[in-house]
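Structure record follows, encoded as structure tokens.
The values are calculated or read from the model by the stated rules, or taken from the named source; none is laboratory data. Just so you know, these numbers come straight off a predicted model, no measurement behind them. Here the Cβ positions follow ideal geometry from the backbone for every residue, glycine too, while neighbour counts run over all protein chains shown. Quick note on the areas: whole protein, heavy atoms, side chains included, nothing else; ligands and nucleic acids left out. Shrake-Rupley method; radii C 1.70, N 1.55, O 1.52, S 1.80 Å.
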Amino acid sequence: MKIDKETFFYSAILIGLVIYFIAGYIYKENSEKKYAIAYIYDFRCDTGPFPTGLGKFYINDKKYRTDIPHGSERLNKYFIVQFVKNHPKISEIKIEVSINPAHLVPQPPGGWTECPINENGSIKEKYKSKKGKEATEKTEVKGIEHSPKESVPVTKETIEFLKKNNLLE
């Protein structure tokens, strides 16, 4: 049986693509995973069976984009995404339930090593934010503004110390 050049060429491309996708799948499944909070800010297409949402998440102060199925339904919501530790671009939504990031402890710069959310959407106990009314009152000082990039809150004790030592005008 003789195969012409065109059939061989297309067969080789098809086999190459199959190997590429299988290798990518194996790499993704066998790589170390991490978790982050993704915000769905837009959707690419609102027609068809699965409109794709555009989400963003931050790892070590670098923004990554992720494609989220059912984007129009998830717009302006937060979700947990799972990503490959060394390649954050390889990511997918982990839990289908939207979350409120204020109820979680702050995300570490490199992401969480385990998913902070249970399959039912509830927050795992060790990842629940412990910031209650007392903690809020202790760290809030009227008239002081914080930049979003600041990581250390100013406490009332700090302000009192600065005033006592004439270091604050």
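Computed quantities for the displayed model
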read-out: Rough spin-label spacing in nm, given labels placed 7 Å along Cα→Cβ, for residue 119 and residue 87; value: 2.7 nm
read-out: Estimated distance in nm for a label pair at residue 14 and residue 129, the labels positioned 7 Å out from Cα along Cα-to-Cβ; value: 5.3 nm
read-out: Potential lengthening between residue 22 and residue 103 on full extension [0.36 nm per residue; Cα-Cα distance subtracted]; value: 25.4 nm
read-out: Among the listed pairs 56/124; 33/89; 62/130; 85/124, those beyond 18 Å (Cα-Cα); value: 56/124; 62/130; 85/124
read-out: Solvent-accessible surface ranking, highest first, for 39, 78 at 1.4 angstrom; value: 78, 39
